[in-house]
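For reference, the structure discussed in these notes is given below.
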Amino acid sequence: MYEWIIIGGGIHGCTIALSLLTSGKVKKEEILIIDPHSGPLERWRERTERIQMPFLRSPSVHHIDVTPFSLEKYAKKVNYDNPFYGYYDRPSLKLFNQHAASLSKEASLQDIWCQSKVKQMGKQGPFWEIETEDQHIYFAKNSVIAIGNNELHYPPWANEWNNGYHIFDSELNMDNIKPPLLIVGGGITAAHTAISLSHLFPGEVTLMSRHPFRVHDFDSDPGWLGPKYLDAYAKIKNYDVRRKMIYQARHRGSIPSELYSRLHRLNKHGKLSIVQSEIQTVSSESNVLISKESTVFRPATVLFATGFEPALTNQSWLRHLITKQNLTCANCGYPIVEESLEWCPHLFVMGPLAELEIGPASRNIIGARKATERIMRNIHLNQ
């Protein structure tokens, strides 16, 4: 029997876990994290390492620890070289990961780790009953669902092409990819991928974006992190309107200015080709892709850097939970929750599941911090 079970051990799940443990109100033996990976932030590390992202897009005060300046203090403590970049002090990815690993080790998150997937979840009296795919059953007074949507998004023609891989496909081995390469996508993932591969295969990488580069420092206006926009957002009770506001606020497929400069510098020096177009005709047998302008491409490998499906994650246990517990959802399928992020008593959500309450930044690192603040505030009020 646990006080808290957290489903998801990524940035959101680890942020709330660390806050619960450091608050002194929850003992280590009273909390469990359920995640299919072997340790904290494993999927995050795999994906960011794959695209060779040198610096995060978020500022230095966005991390998984409780105190805002923890990452800056850690950088000074370990005497880290070149820890931050640019006006907003965006942290080195290696520093961010090292800091997170240090916090996880200090809090012994590995000791409260259950490497498995949730098979079924429901109520057993006043407690949450969670069955995992390895046939174990766990009970908890409180539960936090801190998962995202990991269903990969592909363009419509992707199924017709044999040598194509999504950059975040767990089966992709980057050591085995062969040039010439066509990278499909116009956002930050595509940009990092194109930059890193152009160094490995100079002159043999093409980045194809269906729109001009959208240059923004962050993927939504910083006003969405505070009262500037959130006060008005909170007053809106129509969740269709909230969904529309989130959609309009997000700078989808955007990149920060230094990536824009690096892409064009590589293009200028012939190390990377940049094409604004879409594929219209696919001939997998003859290994030919033709754009809507009739340009012919003969890539040995196509990498799709096209993100994730925008809909609610399609995990069957979650769909079953919604039906069985009669949980309230908006027309878009996402949870309608209390200000405390409770979907129903003692069931909390974070990340994408919380965005109708938290707003456009809910999926980001700051979204994890804001969700944690609300959940912890709820605990303090009810003790």
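Here are a few things to note about the model shown:
- His216 versus Lys268: modelled label distance in nm, points set 7 Å from Cα along the beta carbon direction: 2.7 nm
- Of Met1, Met121, Met174, the residue with the largest accessible area leads and the full order is Met1, Met174, Met121 (1.4 Å probe).
- Accessible area of Cys329 in the full protein assembly, 1.4 Å probe (Å², nearest 10): 50 Å²
- Around the amide H of Phe308, modelled in the peptide plane, lie the amide H atoms of His153, all under 5 Å away and 5 or more residues distant in sequence or on another chain.
- To the nearest ten degrees, helix 11-22 and the longest principal axis of the Cα atoms of the chain are 30 degrees apart.
- Placing dummy labels 7 Å off each Cα toward the beta-carbon, the span from Thr295 to Tyr87 is 3.2 nm.
- In sequence order, calculated HN-Hα J values of the stretch 198-203 (Karplus, 6.51, -1.76, 1.60; Hz; x Gly/Pro): 5, 6, 6, 10, x, x
- FRET E, pair Tyr154, Gln52, Förster distance 22 Å, beta-carbon r, rounded to 0.05: 0.50
- Test item: Cα-centred dipole of the stretch 190-235, Lys/Arg +1 and Asp/Glu -1 on Cβ, debye: 160 debye
- Whole-angstrom gap from the stretch 92-133 to the stretch 305-375, using each part's C-alpha centre: 17 Å
- Relative contact order computed over the stretch 30-176 (Cα-Cα under 8 Å; 6+ residues apart), in percent: 23 percent
- Debye log10 I(q)/I(0) for the chain, one point scatterer per Cα, at q = 0.06, 0.10, 0.11, 0.15 Å⁻¹: -0.25, -0.70, -0.84, -1.42
- Carbon-plus-sulfur accessible fraction, the stretch 170-256 (probe radius 1.4 Å, protein heavy atoms only): 53%.
- When each of the peptides 3-11, 81-89 is scored by how many other beta carbons lie within 10 Å of its residues on average, the order from highest to lowest is 3-11, 81-89.
- One decimal place: the segment Ala330-Ser316 gains 3.2 nm when fully extended, by the rule 0.36 nm per residue minus the C-alpha distance.
- Computed from Cα positions, the angle between helix 239-249 and the longest principal axis of the chain comes to roughly 40 degrees.
- Sequence-distant contacts, meaning Cα pairs under 8 Å at least 6 residues apart, place the relative contact order of the chain at 20 percent.
- With DNA, RNA and ligands ignored, accessible area of Glu338 (1.4 Å probe; Å², nearest 10): 120 Å²
- Projected label distance in nm at Lys141 and Val288, using a 7 Å step from Cα toward the beta-carbon: 6.9 nm
- Each residue of the stretch 363-377 was assigned a 3J(HN,Hα) from its phi angle through the Karplus expression (A = 6.51, B = -1.76, C = 1.60, θ = phi - 60°), giving 7, 8, 4, 5, x, 5, 5, 5, 5, 4, 4, 5, 5, 5, 5 Hz with x at Gly and Pro.
- From phi via Karplus (6.51, -1.76, 1.60), per-residue ³J(HN,Hα) for the stretch 143-160 in Hz, x at Gly/Pro: 9, 10, 9, 10, 10, x, 9, 9, 6, 6, 9, 10, x, x, 7, 4, 5, 8
- Point-charge dipole on Cβ atoms (K/R +1, D/E -1) for the stretch 230-269, about Cα centre, debye to 20: 100 debye
- Simple rule: put +1 on each Lys or Arg Cβ and -1 on each Asp or Glu Cβ in the chain, find the dipole, and look at Phe304, Asn378, Ser60; the Cα lying farthest toward the positive end is Ser60.
- Extension gain, Ser170 back to Arg252 (0.36 nm per residue minus Cα-Cα distance, nm): 27.2 nm
- Counting only Cβ charges, +1 for Lys and Arg and -1 for Asp and Glu, the dipole size of the chain around its Cα centre is about 840 debye.
The values are calculated or read from the model by the stated rules, or taken from the named source; none is laboratory data. Computed from a prediction, not measured in an experiment: that's the story for all the values here. Note: ideal-geometry Cβ built from the backbone for every residue, glycine included; neighbour counts use all protein chains shown. The area values use the complete protein model at the heavy-atom level, side chains included, leaving out ligands, DNA and RNA. Shrake-Rupley method; radii C 1.70, N 1.55, O 1.52, S 1.80 Å.
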